[in-house]
2 protein chains.
Amino acid sequence: MRKLPAKLASRLYDAAELIAERGLDGTKIDDIAEVTGIPKATIYYHLDGKNGVLQFLLGDMLDLVAGAVGVAVSGDEDARTRLQAAVVAQLSVMLEHPFLCRALVGDLGRVARLPELTLAVHATFFEPIERLLAEGVADGSLRQVADPGTVAMSVFGAITIAGLSAAAEGPHDDPAADAARLAAGISELILDGLATRG
Amino acid sequence: MRKLPAKLASRLYDAAELIAERGLDGTKIDDIAEVTGIPKATIYYHLDGKNGVLQFLLGDMLDLVAGAVGVAVSGDEDARTRLQAAVVAQLSVMLEHPFLCRALVGDLGRVARLPELTLAVHATFFEPIERLLAEGVADGSLRQVADPGTVAMSVFGAITIAGLSAAAEGPHDDPAADAARLAAGISELILDGLATRG
DNA sequence: TCCGAGTTTGGACTGGCAGTACAACATACG
DNA sequence: CGTATGTTGTACTGCCAGTCCAAACTCGGA
């Protein structure tokens with residue numbers, strides 16, 4: 001699995017829609033070759049088969065998310081504000097790449113069995129949240145909770161499932177606006193909670 | 001796909017661990033036949049191939065969750081209390097069936113392409129939450145939020161991802177206790193939020 | 001201009017496995 | 001009994017991922 005020439009990489013994206021639609025199993029290597037215009041032999045020359053295609057596509061998306069979230073997380077505002085920014089950032093990237101998202105969900109099992117990707121997912125989605133939660137307690141902008149690990153995982157789940165579900169509905173005319181709308185709803189939930197105040 | 005005799009049904013569960021471990025693709029029909037002791041021909045007589053096995057197993061788990069959540073949701077306490085009970089109920093069933101959970105995640109894509117199951121998932125996991133949120137506004141135990149659909153989806157995500165992640169760590173000695181612990185963390189998040197007051 | 005290393009491609013081939021076909025046998029029930 | 005329904009072993013088919021290979025093509029350096 002060497003580095004893929006940019007030209008091939010860009011053409012490979014055309015396979016994402018196919019995989020999102022039918023799953024990796026339902027997608028023949030020959031189909032991928034056809035829609036991307038990259039001959040089968042060339043795909044095998046560069047990539048490790050079908051899994052390799054998936055791995056390349058998702059690895060690429062994870063980089064994008066990691067980048068966007070990284071920027072959001074490293075500002076100098078308080079942790080609460082940065083948490084909100086991180087939510088927006090993650091959702092924006094997800095909604096900008098609905099097909100990749102759907103491919104990700106659809107073949108989650110396979111992804112989970114690609115150790116390299118598992119680590120990347122953890123580092124990209126989960127860890128930044130966990131860190132922000134701790135920083136928020138330190139700077140006083142977030143509450144100390146009894147079980148930070150569980151809470152971090154839940155926050156991660158709230159954002160991710162909301163994003164995936166929105167992405168699954170298909171391409172959006174204005175991903176940024178939809179991301180902002182979703183993020184507002186999620187922030188309202190995870191910051192203020194649902195209980196009425198006594 | 002007629003109704004499966006109870007004896008076969010119970011033996012089929014032995015396949016769940018296999019599928020959870022390797023994914024449905026990594027699992028040969030002959031492997032399933034071997035671990036369950038049900039001959040291949042018999043499997044095909046009753047079920048619609050590999051997908052049929054998965055569909056049967058997950059359909060069964062969904063029934064369990066639906067039942068437990070249904071009970072929790074239909075008490076006569078206020079909606080906030082019932083929401084907490086529903087969280088516990090869902091997590092309990094999930095942690096009692098870690099292999100089914102893992103099989104579910106692993107082959108989410110396939111599940112999403114089985115229309116019958118998609119509907120069941122929605123009705124089992126998502127709708128009760130959505131309903132409780134509305135009832136809580138009515139009885140004053142939960143806050144009115146700007147975007148109830150997004151919030152319901154996020155709550156669903158928080159519970160489900162926390163449960164799946166716990167289930168993925170393997171079988172638990174005391175699923176009920178762990179479910180209670182997780183549920184406490186999640187309730188703290190979704191009811192009270194993370195923001196500091198003032 | 002020529003060389004050689006890396007890349008690209010078509011085409012043919014292999015092996016594994018899902019799913020099918022079917023006949024023989026079991027069991028149940030009127 | 002006898003008919004319907006379930007159970008099973010075995011043999012077979014067809015599909016498709018992945019492999020192999022030889023012929024071309026690209027391109028930078030000598």
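The values are calculated or read from the model by the stated rules, or taken from the named source; none is laboratory data. Just so you know, these numbers come straight off a predicted model, no measurement behind them. FYI the Cβ positions are ideal-geometry reconstructions off the backbone, even for glycines, and counts take in every protein chain you see.
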Can you name every residue in region A:24-56 that is away from every other protein chain (no Cβ under 14 Å), more than 8 Å from DNA strand C (Cβ to nearest atom) and either of a type in the set (V, I, T) or within 21 Å of A:L117 (Cβ to Cβ) (or both)? A:I29, A:I32, A:V35, A:T36, A:I43, A:L47, A:D48, A:G52, A:V53, A:Q55, A:F56
Within region A:133-153, take every residue that is in contact with a helix residue (DSSP H, G or I) (Cβ under 6 Å, 6 or more places away or on another chain) and touching a residue at least 24 places away in the same chain (Cβ under 8 Å) and give me the one that is farthest from the other protein chains (Cβ to nearest Cβ). A:E135
Write out, first by first residue and then by second, each pair whose Cβ atoms fall under 6 Å of each other, whose residues are 6+ apart or on separate chains, and whose first residue, in region A:105-130, is among the charged types (D, E, K, R) while the second is not in a helix (DSSP H, G or I). A:D107/A:L24
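A quick yes/no check of all residues on (1) of a type in the set (A, V, I, L, M, F, W, C); (2) out of contact with any helix residue (DSSP H, G or I) (no Cβ under 7 Å at 6 or more places or on another chain):
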{"site": "B:K7", "(1), (2)": "no, yes"}
{"site": "B:A16", "(1), (2)": "yes, no"}
{"site": "B:L24", "(1), (2)": "yes, no"}
{"site": "B:I29", "(1), (2)": "yes, no"}
{"site": "B:I32", "(1), (2)": "yes, no"}
{"site": "B:A41", "(1), (2)": "yes, yes"}
{"site": "B:Y44", "(1), (2)": "no, yes"}
{"site": "B:G49", "(1), (2)": "no, yes"}
{"site": "B:G52", "(1), (2)": "no, yes"}
Only one of A:A89, A:A16 is more than 16 Å from DNA strand C (Cβ to nearest atom), free of Cβ contacts under 8 Å to residues at least 40 places away in the same chain and within 30 Å of B:C101 (Cα to Cα). Can you tell me which? A:A89
Any chance B:L104 is at the interface with chain A (Cβ under 7 Å from one of its Cβ atoms) and over 23 Å from A:R80 (Cβ atoms): no
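Per-residue answers, yes or no, for (1) among the β-branched types (V, I, T); (2) crowded, with 21+ Cβ neighbours inside 10 Å; (3) within 16 Å of DNA strand D (Cβ to nearest atom):
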{"position": "B:L4", "(1), (2), (3)": "no, no, yes"}
{"position": "B:A9", "(1), (2), (3)": "no, no, yes"}
{"position": "B:D14", "(1), (2), (3)": "no, no, yes"}
{"position": "B:Y45", "(1), (2), (3)": "no, no, yes"}
{"position": "B:D48", "(1), (2), (3)": "no, no, yes"}
{"position": "B:F56", "(1), (2), (3)": "no, no, yes"}
{"position": "B:D78", "(1), (2), (3)": "no, no, no"}
{"position": "B:P98", "(1), (2), (3)": "no, yes, no"}
{"position": "B:A112", "(1), (2), (3)": "no, no, no"}
Tell me, which helices (runs of 4 or more DSSP H) lie completely within region B:100-158 with 1 or more residues that are more than 13 Å from the chain's Cα centre (by Cα) and closer than 21 Å to A:R181 by Cβ? B:127-139
Could you please tell me which pairs satisfy a Cβ distance under 7 Å, a separation of 6+ or placement on different chains, a first residue in region B:156-184 that is more than 11 Å from B:L91 (Cα to Cα) and more than 11 Å from chain A (Cβ to nearest Cβ), and a second residue that is in a helix (DSSP H, G or I) and not small (G, A, S)? B:G170/B:P98; B:P171/B:P98; B:H172/B:L95; B:H172/B:D178
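One line per residue, one yes/no per condition, for (1) under 18 Å from the mean Cα position of the chain (by Cα); (2) at pLDDT 95 or above:
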site: B:A16; (1), (2): yes, yes
site: B:G23; (1), (2): yes, no
site: B:I29; (1), (2): no, yes
site: B:L58; (1), (2): yes, no
site: B:G67; (1), (2): yes, yes
